[in-house]
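What follows is a single structure, written as structure tokens, with notes after it.
The values are calculated or read from the model by the stated rules, or taken from the named source; none is laboratory data. Just so it is clear, the structure is predicted and the values come from calculations on it, not from any experiment. Note that each Cβ is placed from the backbone with ideal geometry, even for glycine, and that neighbours are counted across all protein chains shown. Only protein heavy atoms, including side chains, enter the accessible area calculation; ligands, DNA and RNA are left aside. Shrake-Rupley method; radii C 1.70, N 1.55, O 1.52, S 1.80 Å.
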Amino acid sequence: MSVTIYVPRDSSALSVGAEAVAGAIAVEAARRNSDVILVRNGSRGLYWLEPMVEIETAQGRVAYGPVAMKDVASLFDADFLHGGRHVLCIGPTEKIPYLQKQERLTFARVGITDPLSLADYAVHGGWKGLRAALAMDGATAVKQVTDSGLRGRGGAAFPAGIKWKTVLDTSADQKYVVCNADEGDSGTYSDRMIMEGDPYVLIEGMAIAGIAVGATQGYIYVRSEYPHSCQVLAEAIALAKAGGYLGPDVLGSGKAFELEVRKGAGAYICGEETSLLESLEGKRGMVRFKPPLPAIAGLFGKPTVINNVITLASVPTIFANGAAHYRDFGMGRSRGTLPIQLAGNLKYCGLVEKAFGVTLRELLYDYGGGSASGRPLRAVQIGGPLGAYLPEQQFDTPLDYEAFMAIGAMVGHGGIVAFDDTVDMAGMARYAMEFCAIESCGKCTPCRIGSTRGVEVIDHIVSGLEREKNIALLEDLCDTMLNGSLCALGGMTPFPVQSALKYFPNDFRAAPKRKVA
Ligand SMILES: Cc1cc2nc3c(=O)[nH]c(=O)nc-3n(C[C@H](O)[C@H](O)[C@H](O)COP(=O)(O)O)c2cc1C
Ligand code: SF4
């Protein structure tokens, strides 16, 4: 009987040799006349174990990792095809504590299925949500999303149901659904993992959005640095179309929904929704004034639902299992689960999907295993390059949009970047200003000019030049950027700067006076 072997095709796994490992397994199996089926799955998100190879056994899947090409022969010798003992054996995949303690709703299938197999997707609960949505009228479908409490996962946490309702209630000859897959924030990769590991869940979510609001055309705007995502999505869209899940007559309903992939322009600002729409229209990615909201006049001036990948990929589970099931996860006004991405100086960087309410400390130590360097963790940045730096005393904050807002931080896209006590926080503040200066679209003065002046002022502070006066100047500049910028790039750049100044003031002293951590 043939044995099924899983080797991820996720780009992080590929970057550490998954392709070579898959090739070596195929060659070795042929040499030994072993009857194997090689499936290229998505990553389970345990990145320190990639390439993580799994074997389907009578007792479930058994994991081995990190596997290198040179290990393949010894794995065969150890009878890994039947879950044999080997120094790289992790044991049954489902029993790995990192996975066992998670609450995977949006990522339920990632790493389990063959990303491009329609049959696999259906066997694991796929298309149930779409079928449910097709049986509803638009208002009922939109109400499902509202009732689930789902808020946008791209950063601003705006309620998805309200956005969808605005598009539904705006009459037009054409409406669009646009998926924001620009994923430019530091330490974030959950969008990429979904696109590469379970593209049909995104396709299904977008089809549901289209059916709900009356949009017949969708676009996925993928960042240009994600070639594997583009390739998987293109193949998945073609297969979904051939299977009748997309096209002029979705599942025989008489309703149309077409989908295309568009490559991003390679600028951070193209992730901002109005800039993204400009870019999709073939123009330079510059921020548009709001109003009008994209929900009323978006792509080509038509009503447009624009949502992040994770927002849209969370929709099928809501329709398949009911709004109440999703809403039952989480705390306060932060409902459901969040795919959290651990990055930076941590022992175990990876994807953790948990209900809102999990604390930073649990994520950093129970999952992340503390710093990779073995030194104390000093700060984390969460919410991308515009997110605040949080000191150790705030590690007990639960992941909840409001709890984070209360401490001047934001959850954003759920990317956590950890730093140990060797980090220079003045340098990090300077980097935030520099990032803004480089990535500014240039439309408004506080952001365009303010960020360049911000870099200079920080340089003056750390070199000891009129320190107190320049700190006051920096605070004033932050205030101007915060209140005078047109979009959140200029408006949020002060967050990392102000938090660094507030919690790590010693780092801003001239070098000889700076306290060595
Ligand atoms: C400078 C800037 C960059 C952004 N980059 C992204 C991004 O890469 N991906 C994303 O989904 N949202 C990004 N956003 C947020 C989008 O403007 C918008 O809020 C989001 O696409 C709405 O989808 P959601 O409601 O599902 O979160 C960015 C915003 C700003 C100001
Ligand atoms: S804040 Fe910066 S990025 Fe945003 S509109 Fe103004 S110049 Fe452009």
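Restricting to the stretch 1-16, and then to whatever is open to solvent by less than 30 Å² (accessible area, probe 1.4 Å) and in a helix (DSSP H, G or I), can you tell me which residue is nearest to Ala63 (Cα to Cα)?
Step by step, filter the stretch 1-16, then rank; the result is Ala13.
Only one residue in Leu130, Leu81, Leu88 is crowded, with 17+ Cβ neighbours inside 10 Å and either of a type in the set (Lys, Arg) or touching a Gly at 6+ places or on another chain (Cβ under 8 Å) (or both), so which one is that?
Values: Leu130 fails: either of a type in the set (Lys, Arg) or touching a Gly at 6+ places or on another chain (Cβ under 8 Å) (or both); Leu81 fails: either of a type in the set (Lys, Arg) or touching a Gly at 6+ places or on another chain (Cβ under 8 Å) (or both).
After ruling out the rest, the residue left standing is Leu88.
Of everything in the stretch 470-512, what is in a helix (DSSP H, G or I), more than 16 Å from ligand 2 (Cβ to nearest atom) and open to solvent by 30 Å² or more (accessible area, probe 1.4 Å)? Give them in sequence order.
Listed by number, the residues that qualify are Ala472, Leu473, Glu475, Asp476, Gln498, Lys502, Tyr503, Pro505, Asn506, Ala511, Pro512.
I'd like to verify a number: residues in the stretch 29-38 that are more than 19 Å from Pro115 (Cβ to Cβ) and surrounded by fewer than 17 Cβ atoms within 10 Å (Cβ to Cβ), how many?
Summing the residues that are more than 19 Å from Pro115 (Cβ to Cβ) and surrounded by fewer than 17 Cβ atoms within 10 Å (Cβ to Cβ) in the stretch 29-38 gives 6.
Out of the residues in the stretch 480-503 meeting the condition of being hydroxyl-bearing (Ser, Thr, Tyr) and within 16 Å of ligand 1 (Cβ to nearest atom), tell me which one is farthest from Phe289 (Cα to Cα).
Thr493
Would you check if Ala403 is over 23 Å from the mean Cα position of the chain (by Cα), in contact (Cβ under 8 Å) with a residue 60 or more places away in the chain and over 17 Å from Thr188 (Cβ atoms)?
Working: over 23 Å from the mean Cα position of the chain (by Cα): no; in contact (Cβ under 8 Å) with a residue 60 or more places away in the chain: yes; over 17 Å from Thr188 (Cβ atoms): yes.
No, not satisfied.
In the stretch 149-186, which residues are more than 13 Å from ligand 1 (Cβ to nearest atom) and over 20 Å from the mean Cα position of the chain (by Cα)?
Result: Lys165, Leu168, Asp169, Thr170, Ser171, Ala172, Asp173, Gln174, Lys175, Tyr176.
Just need a number here: residues in the stretch 326-361 that are open to solvent by 10 Å² or more (accessible area, probe 1.4 Å) and not in a loop (DSSP other than H, G, I, E, B).
So the answer is 10.
Is it true that some residue in the stretch 17-30 is in contact with a strand residue (DSSP E or B) (Cβ under 9 Å, 6 or more places away or on another chain), of a type in the set (D, E, K, R) and within 25 Å of Arg109 (Cα to Cα)?
no
Restricted to the stretch 144-185, and to residues that are small (Gly, Ala, Ser) and more than 22 Å from Ser334 (Cβ to Cβ), which residue is least open to solvent (accessible area, probe 1.4 Å)?
Only one residue tops the list, namely Ala181.
Could you tell me how many of the residues in the stretch 387-444 are part of a helix (DSSP H, G or I) and among the basic types (Lys, Arg)?
Number of matching residues: 1.
Quick one: Glu19 ticks every box in (1) more than 27 Å from Leu233 (Cβ to Cβ); (2) outside any loop (DSSP other than H, G, I, E, B); (3) not aliphatic (A, V, I, L, M) bar one, so which box is it?
Glu19 satisfies every listed condition except (1).
Can you tell me which residue among Thr274, Thr311, Thr304 is near ligand 1 (Cβ under 9 Å from one of its atoms), modelled with pLDDT of 95 or more, farther than 22 Å from Gly415 by Cβ and open to solvent by less than 10 Å² (accessible area, probe 1.4 Å)?
Thr274
Identify all residues within the stretch 39-63 that are of a type in the set (Ser, Thr, Tyr) and either over 26 Å from the mean Cα position of the chain (by Cα) or surrounded by fewer than 17 Cβ atoms within 10 Å (Cβ to Cβ) (or both); write none if there are none.
Matches in the stretch 39-63: Thr57 only.
A quick yes/no check of all residues on (1) of a type in the set (A, V, I, L, M, F, W, C); (2) under 17 Å from the mean Cα position of the chain (by Cα):
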{"residue": "Pro227", "(1), (2)": "no, yes"}
{"residue": "Cys270", "(1), (2)": "yes, yes"}
{"residue": "Met286", "(1), (2)": "yes, no"}
{"residue": "Phe300", "(1), (2)": "yes, no"}
{"residue": "Val309", "(1), (2)": "yes, yes"}
{"residue": "Gly332", "(1), (2)": "no, no"}
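Please name all residue pairs, on different chains or six or more residues apart, with Cβ atoms under 6 Å, provided the first residue is in the stretch 301-316 and is in a helix (DSSP H, G or I) and the second residue is among the charged types (D, E, K, R).
Within 6 Å, the pairs are Val309/Asp191; Ile310/Arg153; Thr311/Arg153; Pro316/Glu204.
Being crowded, with 24+ Cβ neighbours inside 10 Å and closer than 22 Å to Ala141 by Cα narrows it down to one of Gly210, Gly214, Gly197, so name that one.
Gly210
Scan the stretch 426-446 residue by residue and report those that are open to solvent by less than 20 Å² (accessible area, probe 1.4 Å) and within 27 Å of Val352 (Cα to Cα).
Ala432
If Leu364 meets every condition in (1) open to solvent by 10 Å² or more (accessible area, probe 1.4 Å); (2) touching a residue at least 40 places away in the same chain (Cβ under 8 Å) apart from one, which number is that one?
It fails just one condition, (1).
I want to confirm something. Restricting to the stretch 447-469 and keeping residues that are open to solvent by less than 30 Å² (accessible area, probe 1.4 Å) and within 16 Å of ligand 1 (Cβ to nearest atom), which single residue is farthest from Asp185 (Cα to Cα)?
Of everything passing the filter in the stretch 447-469, Gly450 is farthest from Asp185 (Cα to Cα).
Would you confirm, using the coordinates I've provided, whether Val110 is touching a Leu at 6+ places or on another chain (Cβ under 6 Å) and buried (at least 19 other Cβ atoms within 10 Å of the Cβ)?
When the stated conditions are applied, Val110 does not pass them.
Output the helices (runs of 4 or more DSSP H) that fall wholly within the stretch 189-277 and possess 3 or more residues being over 29 Å from Ser15 (Cα atoms), or say none.
199-213
Just to be sure I understand the filter: pairs with C-beta atoms under 8 Å, separated by 6 or more residues or on different chains, first member in the stretch 482-496 and at pLDDT 95 or above, second member among the acidic types (Asp, Glu) and in a loop (DSSP other than H, G, I, E, B). Which pairs pass?
Cys487/Glu272; Ala488/Glu272; Leu489/Glu272
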